[in-house]
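As structure tokens, the structure follows; a few thoughts come after it.
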Amino acid sequence: MRVIVVGAGVVGTTHARQALERGHQVVRIEREAEARGAGLRNAGRTRGSG
């Protein structure tokens, strides 16, 4: 299976790694040259920072 992960932060990188470990082909897309944003998830609420 081919998997596209949008965002190379902690969550995106974790999902990409797990997909690779399961034998999938993975492409990560990140808008910045270096991943620096962070997603904050807590108690069902989501907000971005960075």
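For the reader, a short list of remarks on this structure follows.
- Qualifying residue in the range 11-22 (condition: assigned to a strand (DSSP E or B) and modelled with pLDDT under 95): no
- Yes/no for residue 6 being surrounded by fewer than 15 Cβ atoms within 10 Å (Cβ to Cβ) and at pLDDT 85 or above: yes
The values are calculated or read from the model by the stated rules, or taken from the named source; none is laboratory data. The shown structure was predicted, so the numbers you read here are calculated from the model rather than taken from an experiment. A quick note on method: Cβ atoms are made from the backbone with ideal geometry, for glycine too, and the neighbour counts reach across all protein chains shown.
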